[in-house]
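Encoded as structure tokens, the structure appears first; notes follow it.
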Amino acid sequence: MLAYPKTIPIPILSSMKSVFILLIISFLTPASSSPPHLKYDSIFSFGDSLADTGNLLLSGARTFPFIAKLPYGQTFFHYPTGRCSDGRLIVDFIAEAYGLPYLPPYLAVARGEKFEHGVNFAVAGATALDAKFFYDRNIGSQLLLTNDSLSVQLGWFRKLKSTLICSTKQDCAGRFQKSLFLVGEIGGNDYNYPFFAGGTIQQLKALVPLVVETIANATSVLIEEGAVELMVPGNLPIGCNAVYLTLFRTPNKAAYDRNGCLKAYNGFSKYHNSKLKLALENLRHKYPHAKIIYADYYAAAIRFFHTPIIMDSGTGHWWPAVEAVGRTTLTTQLCVEALEARPVRIQQRMLTGMESI
């Protein structure tokens, strides 16, 4: 059993909510000889705060109720929606690109809200591993925001699938043929909680195979349930995250890269991503009929951290990244083309102001 000192107070964790992450999303698509879908009819999303459109808030959100208040939601919706953002999320831009409505959170659907084009099962603060794993080992469990892990979200999907989405295997095959499944981002919080509770990189490396296996198993479950097009994002460069830079700052200049990011923590993210890509490649061999897309969030985000100046595609003006965040005119070319242009690696730009829990 790993033991971690309880040295990181809760108020420091809350500072993470004010950190804006600017993403240029790069999709690495697998080679495929079959023609791509030109349009998705529905989207089913799983994950954490990078995708949650309201589930944490609807669940009670006792720890961080401020997501129910401005400035959350102020730049686009003009009211708090339960998104951990002042505007839209990646899943919102993908929905827009395919002419679909924004995904309702599952807990709203469970209470009677109607849906036709997909459901969002993601929960801010969620982990890939079950919450019990952290409680049993006392690794960051004091910081957990929710028990609605990836397996819980899969349970919600199965329940909804059997009652409202489709009732027979043939019906489900037809429904999911033109559905996109977003499996994450998930897994980041499996490391955030233990890191913030004092865990070391060496200790946390032991978790990576378990986290990756859980993500791969969830992807496999969805394929067995009928999913044929799935996008699985990797982890972000946490060594550039303001919270990590604050909590783990050091006078050792050699610990930072030329852009001021913590090299060891970025190396940890790369380690996770390398294991995840290997797991997804194995799934492609197991399910050759499925299109499993790895979304390279690391390569996408690192550009903003290293070059924090953005051009406003609406006006042509250049803005420091901190000013550009949340500007509704700053949505640039959506990366959804990568979902339709196989097997080419496409790097299209999409900008959104996000806060990572």
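With the biggest extent put first, the Cα atoms of the range 47-89 measure 24, 20, 12 Å across the principal axes.
Tell me, in nm to one decimal, what length is gained between GLU113 and ALA254 on full extension, where the rule is 0.36 nm per residue of separation less the Cα-Cα distance? So the extension gain works out to 45.4 nm. Compared with the alpha-carbon gap, the fully stretched path from GLN177 to LYS39 is longer by 48.6 nm at 0.36 nm per residue. Stokes-Einstein diffusion for the range 171-230, with the hydrodynamic radius set to the Kirkwood value over Cα pairs and evaluated at 20 °C in a medium of 1.002 mPa s, equals 162 µm²/s.
Name the shape class, rounded, prolate or oblate, that the alpha-carbon gyration tensor gives for the range 66-182, where a ≥ b ≥ c are the square roots of its eigenvalues, rounded holds for a/c under 1.5, and otherwise prolate holds if a/b is larger than b/c and oblate otherwise. It is oblate, given that a/c is not under 1.5 and a/b is not larger than b/c.
Using a 1.4 Å probe over the heavy atoms of the protein chains, calculate the carbon and sulfur portion of the accessible area of the range 129-259 as a whole percent.
Here carbon and sulfur together make up 51 percent of the probe-accessible area.
The modelled label-to-label distance between LYS159 and GLN202, using points 7 Å beyond Cα along the C-beta direction, is 4.3 nm.
Remark: the range 61-156 carries a charge dipole of roughly 260 debye about the Cα centre, counting +1 on each Lys and Arg Cβ and -1 on each Asp and Glu Cβ. Given in Å, the Rg to one decimal and the Dmax to the nearest whole number for the Cα atoms of the range 190-290 are 16.2, 52.
Shape of the range 146-192 from its Cα gyration tensor (a ≥ b ≥ c, root eigenvalues): rounded if a/c is under 1.5, otherwise prolate when a/b > b/c, or oblate?
oblate
Dividing the Cα radius of gyration of the range 114-176 by its Kirkwood radius returns 1.13 for Rg/Rh.
For the range 118-277, the Cβ-based charge dipole about the Cα centre amounts to some 380 debye (Lys, Arg positive; Asp, Glu negative; other atoms uncharged).
The values are calculated or read from the model by the stated rules, or taken from the named source; none is laboratory data. Source: prediction; values computed, not measured. Cβ atoms come from the backbone with ideal geometry, glycine included; neighbour counts cover every protein chain shown. When the accessible area is computed, the model is the full protein with side chains, heavy atoms only, and any ligands, DNA or RNA have been set aside. Shrake-Rupley method; radii C 1.70, N 1.55, O 1.52, S 1.80 Å.
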